[in-house]
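See below for the structure under consideration.
The values are calculated or read from the model by the stated rules, or taken from the named source; none is laboratory data. Quick caveat, the model's predicted, so the values are computed rather than measured. Heads up, the Cβs are rebuilt from the backbone with ideal geometry, glycines too, and the neighbour counts pull from every protein chain shown.
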Amino acid sequence: MVRYADRLHRRYSGWADARQGRDWSRWWWTAEDVDYAQFLGKDNVPFHVVSFPCTLIGSGEPWKTVDVIKGVNWLTYEGGKFSTSQRRGVFLDQALALLPADYWRWWLASNAPEANDTDFTFERFAADVNHDLADTFGNLVNRILKFVESRYGGIVPIVGEPSAREFALAAQIDIDLRSLRGHHAGRSFRKAAEEVRQLWRLGNGYFAGEAPWSTFTDDPERTAVVARTGASLVAIAAQAAWPFIPAAAERVLEALGHGRGRPPWPTSASITRADLLPEWRVGPLLPLFEKLSPDWVEAQTARYAG
């Protein structure tokens, strides 16, 4: 009798050979130290919940069975189904030719069809991208980094002591980060994206409310505290956003002097602890996201209507 493992080894050997270091058995065969999650469309859930685990258990072999199944509903297109035969809808290769991956990653995660189906329209896509990525995250990054560059020559000031406002801000950030971590652990994409949005809004609200451009001459120490806090907020915002928009987040963190690659989990410590910051130089940064115009929306809607 041919072992079930031998059948699957033949099936997945090409996948493993295609890239060095790939080994399906490391996470699927006698792999009790693995947290195994599956992400499935709702039509595939019954098979993966009942039929397939029964096959693995019935083989008598030491398969690692799934720990968490994340099922999602349908993503529809302009009120109907995507259709390759009718050329109706924008598909992955076409989407990446239109815009960088971060645009699509953000929209699909923040609108994930978790509780109900989600309908994609180019009008809705553009409105969300413009509001979230350009007007909220992009505005936070650009206004603060430009302020540090224009008023401090690109070097984040470390003078001045934080006030009750910064301590309250740090406490709120800690609450939001704990909530964000919980949503990630629960594979709740939309809730996690909303928590990231909240951090972006918090940063914009703080900087606008403190208005450091108005105190630069009269209260330079207070202005320095706000500028330093603002730079820390940009770092926290980018670190929290990295799972959703890694390319843009990495650009921001590079401008802040961080290395490339996955950043550490954000903390609020730098908001109230200037001693944690060595000399911190901010580099130039071009706009992160271009706004999508009504003409662009109209053109893509017509192009992919089928």
- Task: Determine whether the range 144-155 contains at least one residue that is of a type outside the set (Gly, Ala, Ser), in contact with a helix residue (DSSP H, G or I) (Cβ under 9 Å, 6 or more places away or on another chain) and not in a helix (DSSP H, G or I).
- Result: yes
- Find all pairs meeting these conditions: Cβ atoms under 7 angstrom apart; at least six residues apart or on different chains; first residue within the range 174-187 and under 12 Å from PRO266 (Cα atoms); second residue among the hydroxyl-bearing types (Ser, Thr, Tyr) and not in a helix (DSSP H, G or I). ASP174/SER268
- In this structure, is SER163 more than 21 Å from LEU285 (Cα to Cα), small (Gly, Ala, Ser) and surrounded by 15 or more Cβ atoms within 10 Å (Cβ to Cβ)? yes
- Within the range 244-297, can you find the residues that are touching a Lys or Arg at 6+ places or on another chain (Cβ under 7 Å), of a type in the set (Asp, Glu) and not in a helix (DSSP H, G or I)? none
- Message: Report every pair of residues separated by at least 6 positions or lying on different chains whose Cβ atoms are under 7 Å apart, first residue within the range 43-63 and surrounded by 12 or more Cβ atoms within 10 Å (Cβ to Cβ), second of a type outside the set (Phe, Trp, Tyr) and assigned to a strand (DSSP E or B).
- Response: VAL45/ILE69; VAL45/GLY71; HIS48/GLN38; HIS48/LEU40; HIS48/ILE69; VAL49/ILE69
- Residue selected from the range 151-160 under the condition on the phi > 0 side of the Ramachandran plot and in contact (Cβ under 8 Å) with a residue 24 or more places away in the chain, by the criterion surrounded by the most Cβ atoms within 10 Å (Cβ to Cβ): GLY160
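Considering only the range 229-239, I want to know if a residue exists there that is more than 21 Å from ARG165 (Cα to Cα) and touching a residue at least 40 places away in the same chain (Cβ under 8 Å).
Yes: one or more hits.
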- Task: Tell me, please, whether a residue that is part of a helix (DSSP H, G or I), polar (S, T, N, Q), surrounded by 21 or more Cβ atoms within 10 Å (Cβ to Cβ) and touching a Leu at 6+ places or on another chain (Cβ under 9 Å) can be found in the range 218-232.
- Result: yes
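Would you check which residues across the range 1-25 are at pLDDT 70 or above and exposed (fewer than 14 other Cβ atoms within 10 Å of the Cβ) and list them?
GLY14, TRP15, ASP17, ALA18, ARG19, GLN20, GLY21, ARG22, ASP23
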- Message: Consider the range 173-224. How many of its residues are within 17 Å of LYS146 (Cα to Cα), among the β-branched types (Val, Ile, Thr) and modelled with pLDDT of 95 or more?
- Response: 1
